[in-house]
1. How much length is gained if the chain between Ala47 and Gln90 is pulled fully straight, taking 0.36 nm per residue apart and subtracting their Cα-Cα distance, in nm to one decimal?
2. Work out how much length Leu267 to Thr34 would gain on full extension: take 0.36 nm times their residue separation and subtract the Cα-Cα distance, in nm to one decimal.
3. For region 133-178, take the convex hull of the Cα atoms, compute a quarter of its surface area, and give me that in nm², please.
4. Once you have the Cα-Cα distance between Thr19 and Ile188, take 0.36 nm times their residue separation minus that, and quote the gain in nm to one decimal.
5. Under a Cβ-only charge scheme (Lys and Arg +1, Asp and Glu -1), can you give me the dipole magnitude of region 21-156 about the Cα centre, in debye to the nearest 20?
6. Efficiency by 1/(1 + (r/R0)^6): what FRET value for Asn55 and Ser103, r their Cβ-Cβ distance, R0 = 41 Å, to the nearest 0.05?
7. Taking only Cα atoms, what is the 0 to 90° angle, nearest 10, from helix 2-17's long axis to the longest principal axis of the chain?
8. What order, most packed first, do the peptides 197-204, 147-154, 70-77, 98-105 have when packing is the mean number of other Cβ atoms within 10 Å of each residue?
Amino acid sequence: MLFPISLLLLAASSVQAATLLTLQSPRVVITSTTTKDPIRSEPLSLAHKLTHPLNLTQTSTLKLTFQITEKESGKGIQPHQTFLRFYDAQSGEEGIQPVRVTSAGKAKFELNMSKPPVSLPPTTATSPLQVTLLIGSPNHTPLSADLFDLYVPASQPAPVHQDEASFHILPEINHTFRAEQKLPPRPISAVFALFVVAPWVFLLGLWSQNAPRPTHLASPHILPFIATLTAFEALLFWYWVDLKLGQVLSYGAILGVATIFTGKHALANIGSRRLGGK
């Protein structure tokens, strides 16, 4: 017995879900602040929309009234959702405006053009808005009805924000890479290489004339001078590989002071040795 009862409950719920909705006494009225009498008042039909479009000015107010009822019983209901859709076919813009409905199904909507709602899409004076009524309820068949075409005053352009330009597409960034470093000709490189090696040639010439013994070169009086000269050569090589000119001048100044003192000390020691006959 449970199986037939479940089928009956399912059938009953299907019938309830398929209940149709309709509108009772739908009417649109246009008033103006400049006149007492309505400018236009016409009944609406769900079968077809108005033949002639409606026109509103800055002083006009559109009033739309109707009652939502079940088509079979005529009982007024409050649907889950009721909206008016304003659609501009030329620009593709649309706006959705909710409509308040009482528990008895009575609805009233006003569109005051002196204070238009923010949901109204941007409009032009040449393209009408297609107004559609949308009603949705979980227990009834959804209702969609094209009511009328509506001409409204052209909307003002939106104010330009101070950061609006930051959101535009910027020009493509093209990187310009620096050309590869050109090496000097080999003869010029050879000349400067001779300048670098010349101090050592001069030093070796002096040593050949004085003929110092190897033990003297390892002396604690001469070895610091040889070490500072070697440090200078290492500094020049480091400059060629990685250092900047400012760093070379700073390090070279420190090494120069040390080389002067170690050189004077080495020469003084060699002179004393020669005077002593050693």
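1. Gain on stretching Ala47 to Gln90: 13.0 nm.
2. Taking Leu267 through Thr34 to full extension adds about 72.4 nm, to one decimal.
3. Taking a quarter of the hull surface, the average projection is 9.1 nm².
4. Additional length available on full extension: 50.8 nm.
5. My answer is approximately 440 debye.
6. That pair, Asn55 with Ser103, gives E of 0.75.
7. 90
8. 147-154, 98-105, 70-77, 197-204
Values quoted throughout were computed directly from the atomic coordinates according to the rules given, and no laboratory measurement underlies them. If you're wondering where the values come from, they're calculated on a predicted model, not measured in any experiment. When we count neighbours, we look across all protein chains shown, and the Cβ atoms used for this are built from the backbone with ideal geometry, even at glycine.
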